[in-house]
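K.L.:
This is the structure I want to talk about, given as structure tokens.
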Amino acid sequence: KAGVTQTPRYLIKTRGQQVTLSCSPISGHRSVSWYQQTPGQGLQFLFEYFSETQRNKGNFPGRFSGRQFSNSRSEMNVSTLELGDSALYLCASSPTGGWGYNEQFFGPGTRLTVL
Amino acid sequence: DQQVKQNSPSLSVQEGRISILNCDYTNSMFDYFLWYKKYPAEGPTFLISISSIKDKNEDGRFTVFLNKSAKHLSLHIVPSQPGDSAVYFCAASVKGSSNTGKLIFGQGTTLQVKP
């Protein structure tokens, strides 16, 4: 079974621009979570999608948004980029998400650099 | 507020010996705990998990111990191998509709296993 894939792997943007990152979960997994990893804050939860609905959201500004498609693929968007948005963005999938106890399986991440 | 803490940023052990990685948490609502391993330029890889109704879970060379009264868990790797050298993250979650898909991570411990 193929793992979680994320595209692109690397991205360089300038302040004020917007960016869209893509994630394809493991086949059959319906829950997709997004995380931001920075040296100072570690891994922080952004949001989770299940069956095309956002079920949970972390403490990030509204510039961070996402969506999920009917095939469970997900995208996240960051508008009006700031220097502090430079980070590794990780996507993780699990069969059902938090209702039961499911491990999350992570993709390789997208390294975003904002100049 | 750091709800999950890994107080040792790094650990160095000799090949063949035991590696013990520690994690403390403050939120008594956490009821599921996971350990992940992360190599540079890759996403975290799931290692082992434990529910709060257990105090030990074993999988090959990896054993996780949970001490609920002390709000402490540890990961034992026996015997340690050079390929185990990586960053190890402890993560925790709470079951329930408002917590779906959300893992709270510690800051990580870098393990170096010397040949």
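K.L.:
Give me the net charge for the shell around A:L21: Cβ to Cβ below 13 angstrom, other residues only, Lys and Arg +1, Asp and Glu -1. Before the final figure, lay out each step's value.
P.N.:
Details: positive: A:R9, A:K13, A:R67, A:R73, A:R111; negative: A:E75, A:D85.
Here the count lands on +3.
K.L.:
I want to make sure I understand the PRE zone here: with the label point 7 angstrom from the Cα of A:L11 toward its beta carbon, which residues in region B:21-63 have backbone N atoms less than 19 Å away?
P.N.:
Under cut-off, by backbone N: B:41-44.
K.L.:
Where q = 0.24, 0.25, 0.33 Å⁻¹, what log10 of I(q)/I(0) comes from the Debye formula for region B:1-47, counting one point per Cα?
P.N.:
The Cα Debye sum returns log10 ratios of -1.15, -1.18, -1.21.
K.L.:
Over 30 Å between Cα atoms: which of B:K56/B:K95; A:K13/B:K114; A:K13/B:K5; B:K38/B:K71 fall into that group?
P.N.:
Values: B:K56/B:K95 20 Å; A:K13/B:K114 39 Å; A:K13/B:K5 33 Å; B:K38/B:K71 24 Å.
Exceeds cut-off: A:K13/B:K114; A:K13/B:K5.
K.L.:
Also, quick follow-up: Return a whole-number percent for the relative contact order of region B:1-114, with Cα pairs under 8 Å and 6 or more residues apart as the contact set. Walk me through the numbers before you get to the answer.
P.N.:
Details: 271 pairs, mean separation 41.7, N = 114.
The value is 37 percent.
K.L.:
What is the antiparallel percent of DSSP beta bridges lying wholly in region B:3-115, to the nearest 5?
P.N.:
On the way: 36 of 41 bridges.
Looking only at bridges with both residues in region B:3-115, the antiparallel portion is about 90 percent.
K.L.:
So what is the relative contact order for chain A, in percent, with contacts set as C-alpha pairs under 8 Å and at least six apart?
P.N.:
Values: 294 pairs, mean separation 41.5, N = 115.
Reported relative contact order: 36 percent.
K.L.:
On the full set of protein chains, 1.4 Å probe, figure out the accessible area of A:D85 and give it in Å² to the nearest 10.
P.N.:
Its accessible surface works out to 10 Å², give or take rounding.
K.L.:
So, R0 is 22 Å and r is the distance between the beta-carbons of B:S8 and B:Q81; what FRET efficiency does that work out to, to 0.05?
P.N.:
Working: r = 20 Å, r/R0 = 0.90.
So the FRET efficiency works out to roughly 0.65.
K.L.:
Output ³J(HN,Hα) for region B:54-60: one whole-Hz value per residue in order, computed from phi by the Karplus curve 6.51 cos²θ - 1.76 cosθ + 1.60 with θ = phi - 60°, and x for Gly and Pro.
P.N.:
Each residue of region B:54-60 in turn: 10, 10, 7, 9, 10, 8, x Hz.
K.L.:
Okay, moving on. Each label point is 7 Å from the Cα along the Cα-to-Cβ direction; what then is the distance between the points at A:T96 and A:T113, in nm?
P.N.:
For the pair A:T96/A:T113, the computed spacing is 4.3 nm.
K.L.:
Give the accessible area for A:W34 in Å² (nearest 10); use a 1.4 Å probe, count only protein heavy atoms, and leave out ligands, DNA and RNA.
P.N.:
Solvent-accessible area, nearest 10 Å²: 0 Å².
K.L.:
Let me ask another. In whole angstrom, note down how far apart the Cα centers of region B:8-46 and region A:1-78 are.
P.N.:
Rounded to whole Å, the Cα centres lie 24 Å apart.
The values are calculated or read from the model by the stated rules, or taken from the named source; none is laboratory data. This structure is a prediction, so every number in the text was calculated from the model and none was measured. We place every Cβ from the backbone using ideal geometry, glycine too, and count neighbours over all the protein chains shown. Accessible surface areas use protein heavy atoms only, side chains included; no ligands, DNA or RNA. Shrake-Rupley method; radii C 1.70, N 1.55, O 1.52, S 1.80 Å.
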